[in-house]
Amino acid sequence: MSATAEMAVLISQRLADVALGPYLGADRALGLVSEPIFRCRLVVLASPDARLRGSPAQWQWLVESSATDPDSDVSRLLRGLRVPESKLSVFPNQTAAWEAAARGAGVAPGIAHLAVHQLRRRELQVIDLPGTPMELCWHVTTLPLDRRSAAASSLRHFLGTPEAMKLLRSPGAGLPPSRFRPPVYVTIWS
C-alpha cells in the first residue's frame, strides 16, 4: 500500500484528523473530503556550477524519502524522465537533498517557493527539463463535516485564510527562540 493510500485510511479510521498534500478522495468508500487549497510548482534544482551531461536519466537524483512512494509527485516526475532507481540517492528530508545538490552531488526536485532562499543566494538554480515546472495542487483532506472533530474543523477553516497561505508561501520564517516551546508528549501506561 502506498503512503498516500495509507494516509487516506488513517483519516477514515480517525487515526489522523487532517492531511495536507495530494488528493485523497479517490476511494469514495472511505468517505473523505479532499479539497484543493494551494497551487505550487515542482522544479528540478542543481548547483549553479553543475555540468550536467547526457539525459536526465543518467544524472544522479537526490530525493527525500517520500519520493519512494509510487503515488508521489516526485515519483511521477522521475518515471516521466525514465530515471532508473540506481540513479537515486534518498535523503531523510528535502533540506538534506538540497544541500547535497548545492555541493554538486546531483540534481534535486523540490517545490519552487520552498527553495526561494537557496535560489536568491545562488546556492541552487532551476534546471529546465521537459515536464517542468510541474504544476501541483495541495489538498486538505478530512472527514465530512458531520464526522469531523472540532480541532480538524478549526484547522480546515484556518487553511482557507490568507494568513495560512502566507505561511505556506514563506518557509523558514519560524519563531524566535524566545517564543519557541517544544511539544510535550504524555504516554500513560496501564
Members of the stretch 14-26 that are under 19 Å from residue 132 (Cβ atoms) and either of a type in the set (Phe, Trp, Tyr) or surrounded by fewer than 19 Cβ atoms within 10 Å (Cβ to Cβ) (or both): none
Which numbered condition residue 89 misses (of (1) at negative phi; (2) modelled with pLDDT under 90): (2)
Select from the stretch 22-60 the residues that are of a type in the set (S, T, N, Q) and outside the structural domain of residue 96 (by TED's automatic domain parsing) and list them in ascending order. 34
Would you tally the residues in the stretch 92-110 being in contact with a helix residue (DSSP H, G or I) (Cβ under 7 Å, 6 or more places away or on another chain) and of a type in the set (D, E, K, R)? 0
Pick from 75, 34: which is among the hydroxyl-bearing types (Ser, Thr, Tyr) and either at pLDDT 95 or above or under 21 Å from residue 156 (Cβ atoms) (or both)? 34
If you check residue 68 against the conditions, is it polar (S, T, N, Q), modelled with pLDDT under 95, surrounded by fewer than 20 Cβ atoms within 10 Å (Cβ to Cβ) and closer than 24 Å to residue 5 by Cα? yes
Unmet requirement for residue 79, which otherwise passes all of (1) loosely packed, with under 14 Cβ neighbours inside 10 Å; (2) outside any helix (DSSP H, G or I); (3) in the same structural domain as residue 128 (by TED's automatic domain parsing): (2)
Candidates 149, 190 - the one that is out of contact with any Leu (no Cβ under 6 Å at 6 or more places or on another chain), farther than 30 Å from residue 80 by Cα and either at pLDDT below 90 or not assigned by TED's automatic domain parsing to the domain that holds residue 31 (or both): 190
State all residues of the stretch 27-59 that are surrounded by fewer than 17 Cβ atoms within 10 Å (Cβ to Cβ), assigned to a loop (DSSP other than H, G, I, E, B) and not hydroxyl-bearing (Ser, Thr, Tyr); if no residue qualifies, say none. 27, 31, 48, 49, 51, 52, 53, 54
Residue 158 versus (1) outside the structural domain of residue 15 (by TED's automatic domain parsing); (2) touching a helix residue (DSSP H, G or I) at 6+ places or on another chain (Cβ under 8 Å); (3) exposed (fewer than 15 other Cβ atoms within 10 Å of the Cβ): which is the lone unmet condition? (1)
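The values are calculated or read from the model by the stated rules, or taken from the named source; none is laboratory data. Everything numeric in this text was worked out from a predicted model, so none of it was measured. Note that each Cβ is placed from the backbone with ideal geometry, even for glycine, and that neighbours are counted across all protein chains shown.
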